[in-house]
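One structure is given below, encoded as structure tokens.
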Amino acid sequence: MQQSATRSTKESARSTQSRPGDAWCTVLFWTENHNNKAKANPQTEPKINKEANKDNGNNNIAAQTFTFRELATITKNFRQECLIGEGGFGRVYKGKFEKTNQEVAVKQLDRNGLQGNREFLVEVLMLSLLHHTNLVNLIGYCADGDQRLLVYEYMPLGCLEDHLLDLPPGKRPLEWFNRMKIALDAAKGLEYLHDKANPQVIYRDLKSSNILLDKEFNAKLSDFGLAKLGPTGDKSHVSSRVMGTYGYCAPEYQRTGQLTVKSDVYSFGVVLLELITGRRAIENTRSSREQNLVSWANPIFKNSNRYSELADPLLEGKFPMRSLHQAVAVAAMCLNEEPLERPLIRDVVTALSLLGTVPENQEVSGTSPVHMPSPSQDQEANNAPNLLDQDIRAIERQRAVAEAIEWGTNSRNKAPQRGTTPSL
């Protein structure tokens, strides 16, 4: 039986490129069938599928299956002391496999929660077939009886939200280059889903709490229960019931339910704006004019002389002004109300590639404010000494980024005026 399941998985993976819809349906059927067998015999020992599939140039081990007893053991029967997080899916516990000394995060489905078996299946399906440095690694899952659990690699620094928003007194804020590195990593994860996954995947739930960090602040996207396969054939969008998180959803998706990759780009723009400002997407404790982050920032986007108003006060001015201007310009492009005017995520990756790199011979904590011309000003700014770059190649990259941002700014200014951006 194990050989049959393994053979089915291999055939599905091979057929993904030629018949993507059929392949995903086959894998989903296999997953449901496997879960039904586990439910009928909850005491069955886990069968580990050690077949490696090749994706993105790397060998990736297929997801393992675990019994509920195994996961209860490594989390000390899900004790409070092992609890490391809680969300719409359920609670997340830290565990450790004694034989391998591997630390993991175990997410337990709340049977009375908002998400159910469908989201569980989607998560297993997506992360079993999608493998990238900037996507969280699914180690395995459990479907014993009515128990539904997911086992991930452990990310020791938790989520971005914990290090960026509503910091407790005395907690050191994220430094500028760490923020830009996290933004770049998140954009690379989306780029893989949009441009390299086959079939294309629309993430649909990008937010700061779904971006996890390892001990070196490398970022990975997590929580794929709401992900959708992108449009196929001559279709331009996927029709879907509106789901996601208030404040991050693209306005056209919220109005019509029509989902495209540009919906993810908008959500990324909100996260990038959070990284720049240190503010939440929605903060009801602020004045009515400032409760919605995008609505508050939108007038500032139109005047580059005001970009410094968006900088997180906790940074105390410790960032290069040019880098701030470029980050704000990228966020503004992503948050354009018109989906067609937003950049592709691959262009966002290009624009952010330099901002997430610490200049040579410069400590992150020692970065001081640098007053430099706005990227939207004339090209002579490109000929001036660039304090972010140390060699000719870096200067050329900087010029390319500035030109891309200038194009985005001009495109935004030429877009038809539709009044103020509606609150989400």
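The values are calculated or read from the model by the stated rules, or taken from the named source; none is laboratory data. Remember, it's a predicted structure, so these values are computed and weren't measured experimentally. So basically every Cβ, Gly included, is an ideal-geometry build from the backbone, and we count neighbours across all protein chains shown.
Here are the criteria: (1) buried (at least 24 other Cβ atoms within 10 Å of the Cβ); (2) in a loop (DSSP other than H, G, I, E, B); (3) of a type in the set (Asp, Glu). Tell me which single one residue 337 does not satisfy.
It is condition (1) that residue 337 fails.
Could you check how many residues of the stretch 220-268 are at pLDDT below 85, on the phi > 0 side of the Ramachandran plot and in contact with a Leu (Cβ under 9 Å, 6 or more places away or on another chain)?
1
Let's see how each residue does on (1) of a type in the set (A, V, I, L, M); (2) under 21 Å from residue 200 (Cβ atoms):
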| residue | (1), (2) |
| --- | --- |
| 260 | no, yes |
| 273 | yes, no |
| 284 | no, no |
| 291 | no, no |
| 326 | no, no |
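Is it the case that some residue within the stretch 270-277 is acidic (Asp, Glu) and either touching a residue at least 40 places away in the same chain (Cβ under 8 Å) or touching a helix residue (DSSP H, G or I) at 6+ places or on another chain (Cβ under 7 Å) (or both)? Outline the logic, then answer.
If we filter the stretch 270-277 for residues that are acidic (Asp, Glu), which is where we start, we get 274.
Cutting the leftovers down to either touching a residue at least 40 places away in the same chain (Cβ under 8 Å) or touching a helix residue (DSSP H, G or I) at 6+ places or on another chain (Cβ under 7 Å) (or both) gives us 274.
Yes: the stretch 270-277 contains one or more residues that are acidic (Asp, Glu) and either touching a residue at least 40 places away in the same chain (Cβ under 8 Å) or touching a helix residue (DSSP H, G or I) at 6+ places or on another chain (Cβ under 7 Å) (or both).
With respect to residue 100, determine if the residue is at pLDDT 70 or above, hydroxyl-bearing (Ser, Thr, Tyr) and either touching a Lys or Arg at 6+ places or on another chain (Cβ under 9 Å) or surrounded by 15 or more Cβ atoms within 10 Å (Cβ to Cβ) (or both).
Taking the combined requirement at face value, the residue does not satisfy it.
If residue 186 meets every condition in (1) of a type in the set (A, V, I, L, M); (2) more than 20 Å from residue 349 (Cα to Cα); (3) assigned by TED's automatic domain parsing to the domain that holds residue 250 apart from one, which number is that one?
(2)
Looking only at the stretch 167-215, how many residues end up being under 25 Å from residue 243 (Cα atoms) and of a type in the set (D, E, K, R)?
Here the count works out to 8.
Please enumerate the residues belonging to the stretch 139-148 that are among the hydrophobic types (A, V, I, L, M, F, W, C) and surrounded by fewer than 23 Cβ atoms within 10 Å (Cβ to Cβ).
Correct list: 139 only.
Can you work out which of the residues in the stretch 73-85 that are touching a strand residue (DSSP E or B) at 6+ places or on another chain (Cβ under 7 Å) and free of Cβ contacts under 8 Å to residues at least 60 places away in the same chain is surrounded by the most Cβ atoms within 10 Å (Cβ to Cβ)? Break it down stepwise before answering.
In the first step, residues of the stretch 73-85 are kept if they are touching a strand residue (DSSP E or B) at 6+ places or on another chain (Cβ under 7 Å); the result is 74-75, 78, 82-85.
Next, from what is left, pick out any that are free of Cβ contacts under 8 Å to residues at least 60 places away in the same chain: 74-75, 78, 82-83.
On the way: 74: 20, 75: 23, 78: 15, 82: 17, 83: 13.
Going through the qualifying residues, I end up with 75.
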